[in-house]
Amino acid sequence: MADTSADRTIEEERELLRSLCAKGGVVFFGGAGVSTESGIPDFRSPDGLYNQQYDYPPEQIISRSFFDAHPEEFYRFYRDRVIFTDARPNPAHRTLARLEREGLLNAVVTQNIDGLHQAAGSRTVYELHGSIHRNHCMRCHAAYPLDFIVQTGKDDPRALPLCPACGGLVKPDVVLYEEPLDDRVITGAVRAISQATTLIIAGTSLVVYPAAGFIDYFKGQHLVVINRTPTSRDAGADLLIRHNVGEVFDW
């Protein structure tokens, strides 16, 4: 049964979490809520991505069929609502990176595409939905950094990022709706989760599949859920925390 004491202070929540992390064998499974304290909006809150007003529903815009049919409109939305170049790692990212350096955390499995875990120093990161920091030409496969996407849209957010080498369209290495996850990332994430002693699920509503289904591979001893709103895994958690992820990891 989940430990859900409503009377615990944030300091008590941190101490309980630190005690579990000190045992080692930790894997962290995170979603959009991990990065909200870095200034990146989540998806389903009142101010989130899915509640913004555009000519098309956001769910449609970030699909592969829409990208192929309307790349200009895709890039207008992508540059405006997905790329946040000023975002910096928050306490959650930094503490997780430190736990990895100390040999207590085995891996981070993230649904986020912002690269903030790596920016904080994490090394073993499985990015289920790709990264805005990797971009490749769809014709010649030349690689380009995030700044290439930003700069090509500096004067016109609808401008297409075309490869200087061959003129092909450059696509972000993010997994759009209708696209499969990367097999190598799936294999690494499943292996890490299945071998974990403690699995921490944080900042995710657990409604996006197949990513959310990966936690079914956890067979370890301790399950922790950190989320402001209820999830489907709350009842099975040994520790259930209803605070912001960054606050809980601020140690």
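Some observations on this one:
- Solvent-accessible area assigned to carbon and sulfur over the chain amounts to 49 percent, based on a 1.4 Å probe.
- If the chain linking residue 101 and residue 209 were pulled fully straight, counting 0.36 nm for each residue of separation and taking away their Cα-Cα distance, it would gain 35.8 nm.
- Seen against the Cα atoms of the chain and their longest principal axis, helix 91-101 is set at about 70 degrees.
- Placing a pseudo-label 7 Å from each Cα along the Cα-to-Cβ vector at residue 151 and residue 181 gives an inter-label distance of 3.4 nm.
- Residues of the stretch 5-141: accessible area per residue with a 1.4 Å probe, Å²: 46 Å²
- Added length on full extension, which subtracts the Cα-Cα distance from 0.36 nm per residue, residue 134 to residue 247: 37.7 nm
- Cysteines without a disulfide-compatible neighbour (Cβ-Cβ under 4.7 Å), the chain: 21
- Placing +1 on the Cβ of every Lys and Arg and -1 on the Cβ of every Asp and Glu, with nothing else charged, gives the chain a dipole about its Cα centre of roughly 600 debye.
- Only helical runs count toward this figure. For the chain, summing -39,500 (n - 2.57) over DSSP H runs of n ≥ 4 and dividing by all residues gives -8000 deg cm²/dmol at 222 nm.
- Lys, Arg +1 and Asp, Glu -1 on Cβ, resulting dipole of the stretch 119-219 about Cα centre, debye, nearest 20: 220 debye
- C-alpha long axis of helix 71-81 to longest principal axis of the chain, angle in °: 40 degrees
- Distant-in-sequence amide H partners of residue 130 (H built 1.01 Å from N, under 5 Å): 175
- Karplus 3J(HN,Hα) series, Hz, for the stretch 123-135 with 6.51 cos²θ - 1.76 cosθ + 1.60 (x for Gly, Pro): 10, 8, 10, 9, 8, 4, 10, x, 8, 5, 7, 10, 9
- Antiparallel content of DSSP bridges confined to the chain, in %, to 5: 25 percent
- Fully extending the segment from residue 235 to residue 55 would add 60.8 nm, taking 0.36 nm per residue of separation and subtracting the current Cα-Cα distance.
The values are calculated or read from the model by the stated rules, or taken from the named source; none is laboratory data. From a predicted model like this one, the values you see are computed outputs, not experimental measurements. As a convention, Cβ positions derive from the backbone with ideal geometry for all residues, glycine included, and neighbour counts pool all protein chains shown. Quick note on the areas: whole protein, heavy atoms, side chains included, nothing else; ligands and nucleic acids left out. Shrake-Rupley method; radii C 1.70, N 1.55, O 1.52, S 1.80 Å.
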